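Q: My questions all concern the structure below.
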């Protein structure tokens, strides 16, 4: 029995193919595949070289491009800025600038006349009158000036009265804003042509000249009798004069 088993084993080993032969067969298959691949690639290459692309591919038209500018179309031309010789820093340009000097602000209030106040305003205490030889209130101020000296408006207003008062002589009344009225008394009888009722006057405009027409102050030195009334009540004009 043992002899039979040994015989069978030996026969099986003899029939089994050696590993080297199996490897050799596998390698042969690989080489065969590579050879077939090379043949296929060579065939494709020969076919590609011999293929006529000019007759096989569709023709494509390429438009002709013209890069020359079309002068018929207006072009947006950017003009470079001019280079100026203007100096920098604090240098002078040498060009005289036209500078208009601003007009000075207009004076709104004037003294009717320049001169010394020889008789003050007094409503609380009586003042002696050289002409009347008595004591009485003094509703304005007397400003000394020679006869013929021009008298100007205290401020803007409208002439509301031109009278020849029996006691105060030639008088011009000018009404201003805020209920203020200025009175210029003891004027010369000759007034400017434009001084009449309703005439507009500006501050500093001549309204008359110093005269000697006031009967109740005839013996006083030549002067202008000036009064300011607010809402009909005489006030001291001295603090209001510039």
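Q: Answer yes or no: is there a residue in segment 201-208 that is closer than 23 Å to residue 137 by Cα, modelled with pLDDT of 95 or more and assigned by TED's automatic domain parsing to the domain that holds residue 129.
A: Within segment 201-208, none of the residues are closer than 23 Å to residue 137 by Cα, modelled with pLDDT of 95 or more and assigned by TED's automatic domain parsing to the domain that holds residue 129.
Q: Mind counting the residues in segment 192-242 that are touching a strand residue (DSSP E or B) at 6+ places or on another chain (Cβ under 6 Å), surrounded by fewer than 17 Cβ atoms within 10 Å (Cβ to Cβ) and in a strand (DSSP E or B)?
A: Within segment 192-242, residues that are touching a strand residue (DSSP E or B) at 6+ places or on another chain (Cβ under 6 Å), surrounded by fewer than 17 Cβ atoms within 10 Å (Cβ to Cβ) and in a strand (DSSP E or B) number 3.
Q: If you check 134, 156, which single one turns out to be out of contact with any helix residue (DSSP H, G or I) (no Cβ under 9 Å at 6 or more places or on another chain) and more than 15 Å from residue 225 (Cα to Cα)?
A: Just a single option satisfies the conditions, and that option is 134.
Here's the yes/no breakdown for (1) part of a loop (DSSP other than H, G, I, E, B); (2) in contact with a strand residue (DSSP E or B) (Cβ under 8 Å, 6 or more places away or on another chain); (3) surrounded by 18 or more Cβ atoms within 10 Å (Cβ to Cβ):
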{"residue": "102", "(1), (2), (3)": "yes, no, no"}
{"residue": "108", "(1), (2), (3)": "yes, no, no"}
{"residue": "128", "(1), (2), (3)": "no, yes, no"}
{"residue": "131", "(1), (2), (3)": "yes, no, no"}
{"residue": "135", "(1), (2), (3)": "no, yes, no"}
{"residue": "147", "(1), (2), (3)": "yes, yes, no"}
{"residue": "163", "(1), (2), (3)": "no, yes, no"}
{"residue": "184", "(1), (2), (3)": "no, yes, yes"}
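Q: Exactly one condition in (1) in a loop (DSSP other than H, G, I, E, B); (2) at pLDDT 80 or above is not met by residue 123; state its number.
A: Here residue 123 clears every test but (1).
The values are calculated or read from the model by the stated rules, or taken from the named source; none is laboratory data. From a predicted model like this one, the values you see are computed outputs, not experimental measurements. Positions of Cβ are backbone-derived with ideal geometry, glycine not excepted, and every protein chain shown enters the neighbour counts.
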